[in-house]
Amino acid sequence: MKAVVVIPTYNEIDNLPGALDGVRDAVPQADILVVDDNSPDGTGSLADSRALADTHIHVLHREEKNGLGPAYLAGFSWALAQGYELICEMDADGSHRPQDLALLIQRAEMADVPDLVIGSRWVSGGATVGWDGRRVALSRGGNLYINAMLGLRVRDATAGFRVYRADALRRLNLGAVEAHGYGFQVNMTKLVAESGGRIVEIPITFREREAGQSKLSGGIFSEELALVTKWGVSKRGTQLAGLAVSAGEQVRGTYRRARTRQKRSR
């Protein structure tokens, strides 16, 4: 199947060459789209030079850095317009191993036709390298909270290493995506689940970034927590409303049957 790997970048000039080389070696049949948010360190220019030398590499330049979500949505829009069948997400910072990407794509091509394949740290066989206990606890605890609130039954809904089928993305209302930061991954997982899409997870090894500065911040986590809480409260409210309607119908039905029996006994 025709696949493209979308790699968003902002100041990743030290990491991008290794990411591009790794993907080209591991999945030479796939194309790459670098989505650069006007990096002041020259990442976009580096991507352009690589694209000139390799027809499998493409670059989408955005005027400003306004979040991971908008960058990926821009990449999705480009990929869908170009007719790709599989659209992959991958970080530029070396945390996602290209050999795992090959396995993700293989799983996406299997006969059970998954709509979303997630490279998971928290299923059996998954692992992290270079994380301390606090960060492991934060990620695991966050995913437990997400599942408790949203009922996704996905062990690693925050994972950013994944493959979507283009048909699945076309079925989604991508204009309904609310998250700009790392909550984007949860937002997309939620939309796929709500559309009835099939989600599968396979184990991957996640490594700490190789160079440069992490884009994670307290504000990113705050956005994710606030959105998950809002979605969860809305979901529970809808469920309670449905239960109330069902209970009301049962009461009315019982009352009607009792009235019918009463009339017949006269």
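Those residues that are without any contact (Cβ under 8 Å) to a residue 60 or more places away in the chain and among the aliphatic types (A, V, I, L, M), I need them from the range 144-162; list them, please.
Initially, the range 144-162 is screened for residues without any contact (Cβ under 8 Å) to a residue 60 or more places away in the chain, giving 144, 147, 152-157, 159.
144, 152, 154, 157, 159, listed by residue number.
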**Request:** Scan 194, 208 and give me the residue that is surrounded by fewer than 19 Cβ atoms within 10 Å (Cβ to Cβ), within 19 Å of residue 73 (Cα to Cα) and at pLDDT 85 or above.
**Result:** 194
**Request:** Name the residue, out of 121, 155, 165, that is over 13 Å from the mean Cα position of the chain (by Cα) and of a type in the set (Lys, Arg).
**Result:** 121
**Item:** Filtered residues of the range 148-171 (kept if under 29 Å from residue 74 (Cβ atoms) and in a helix (DSSP H, G or I))
**Value:** 149, 150, 166, 167, 168, 169, 170, 171
**Message:** Among (1) buried (at least 18 other Cβ atoms within 10 Å of the Cβ); (2) at pLDDT below 90, there is one condition residue 226 misses while meeting the rest; what is its number?
**Reply:** (1)
**Complete:** In the range 110-131, anything closer than 12 Å to residue 163 by Cβ and either crowded, with 16+ Cβ neighbours inside 10 Å or in contact with a helix residue (DSSP H, G or I) (Cβ under 8 Å, 6 or more places away or on another chain) (or both) is listed as 114, 115, 116, 117, 118, 119
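The values are calculated or read from the model by the stated rules, or taken from the named source; none is laboratory data. Only a predicted model underlies this, so the values are computations on that prediction, with no experimental measurement involved. No Cβ is skipped: glycine too gets one built from the backbone with ideal geometry, and neighbour counts run over all protein chains shown.
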